[in-house]
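Readers should treat all values here as calculations from the given coordinates under stated rules, not as data from a laboratory. Computed from a predicted model, the values in this text were never measured in an experiment. Positions of Cβ are backbone-derived with ideal geometry, glycine not excepted, and every protein chain shown enters the neighbour counts.
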Amino acid sequence: MNINKQILFALMMTTYLQVGQAAEWSLTSTLNPSATYDDNIFLTQNAQSSIHYAMSPTITGSRTVENSNVSLSLGYQIDRYTSLPSINDTENPFIRLNSFYTAERSQYGLSASYVEATSRSTALLETGDFATQSIYRTRAISPSYSYQLTERDSLSLNGSYSERLSSSTQFSDIETKSISAGWQRQFSERLSAGLTVAMYNYKSDGLTLLTDDDDYNVSTTFNYALSELWSISGAVGLRKLKGQRQSIITGITTNDTSSGTTLDFSAIKTDDINSYSITASRALIPTGRGDVNQNDSISAKWSHSISEQLTANLSGGYYQSTSAFDNNNTKRKNINISPSLRWQLERNLSLNVHYTYRKQTQDSGFSADSNAIGVTLNYNWDGIRISR
């Protein structure tokens, strides 16, 4: 059964479970056209400037009953560039299904998607290559299950499968599978914590290289409310990576192992006019080059309400990427800084003016930066809602 048939089957089964129950149907949509001028749009040493027009019209239909929900989103990501060859202009469709069903002590979930996107959309985390034009076609499905064991304890089981195909031989096709199991306990009104065990498998199929990597991970998780305004959450763990690489040209196979730590931390504070957040992470990410990266990042956001209609925002992030294996110690560093102003013109209409500074450096001596200024119009259509 292919992914598209699985999405249809999941939608039919979820709808079947809801038959006979009072339901609310809704149809909504969003539209967020933007125009941005960037003086080095591909973040290369030979800078090319361009205006980038983008729009992502999306329509979402959902059906909700007392103990379940199913929603389906359809849309296009449309990108146009001035002063650049037309090959850079793209129209990429996407479809996403999300559903859940809640029983007395259990909850079942299923999400599935088909997404087409440019390789530039993942370049920051994967390769750092914003110049190469390739279309990624990704199919994914993720079932989940949780069970309330006691008033304080819960168990969870999650799985996922994704397949990403590249339109260019410069990037590998990637298949990712994962399964994880977790336990969570509510120790107090403020503190919950638990343990998660996970296993991931990454396979890539490139023009000259085949890879097969297994990642084993165990981590502790926590959520703690410091006060009514402050909350922190995160996960800290250990991981071990076992990899196999086979050269298609020579037929030679090599094996590698790597061990390290994982981290996922966030802190949030909100008051009447301000919102602060900081996140830090360390994670493994398979790349379109047939490698597995260890990505370290830290980012921060601040939002200040100047008036009922006007909000100032400031965000920034630092990202460092290295190979997870010792045979490649080349580091890539990226810095992003973006202040913006947001006007709430109407209840469902807002205008955002933003500036973004980007810089990328590598141990090889490569260095490039860019400055971009743009405007985005966000429109959310309330749509149609019917109860029956």
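Couple of notes before you dig in:
- Cβ crowding within 10 Å, taken as a proxy for footprinting-reagent exposure, orders LYS242, LYS333 from fewest neighbours to most as LYS242, LYS333.
- A simple charge model with +1 on the Cβ of Lys and Arg, -1 on the Cβ of Asp and Glu and nothing else charged puts the dipole of region 3-387 at about 240 debye relative to its Cα centre.
- Here is the P(r) of region 129-276: all C-alpha pair distances, binned every 5 Å from 0, give 2, 8, 12, 13, 15, 14, 12, 10, 7, 4, 2, 1, 0 in whole percents.
- Region 153-233 shape via C-alpha gyration tensor axes, a/c threshold 1.5: prolate
- Summing +1 for each Lys or Arg and -1 for each Asp or Glu among the other residues whose beta-carbon sits under 13 angstrom from that of SER86 gives -2.
- SER134 long-range amide H proximity, modeled H, under 5 Å: SER119, ARG120
- Lysine pair count for the chain with Cα-Cα distance under 15 Å and sequence separation of 8 or more or different chains is 6.
- Converting phi to 3J(HN,Hα) with the Karplus coefficients 6.51, -1.76 and 1.60 and the offset θ = phi - 60°, region 242-252 yields 10, x, 10, 10, 10, 7, 5, 6, 9, x, 6 Hz in sequence order, with x at every glycine or proline.
- DSSP-loop GluC sites (Glu not before Pro) across region 124-216, with at most 10 other Cβ within 10 angstrom: GLU151, GLU189
- Normalised by the number of residues in region 3-387, the mean separation of alpha-carbon contacts (under 8 Å, six or more apart) gives a relative contact order of 13 percent.
- The chain: equivalent-ellipsoid semi-axes (sqrt of 5 x gyration tensor eigenvalues, Cα, Å): 33, 30, 25
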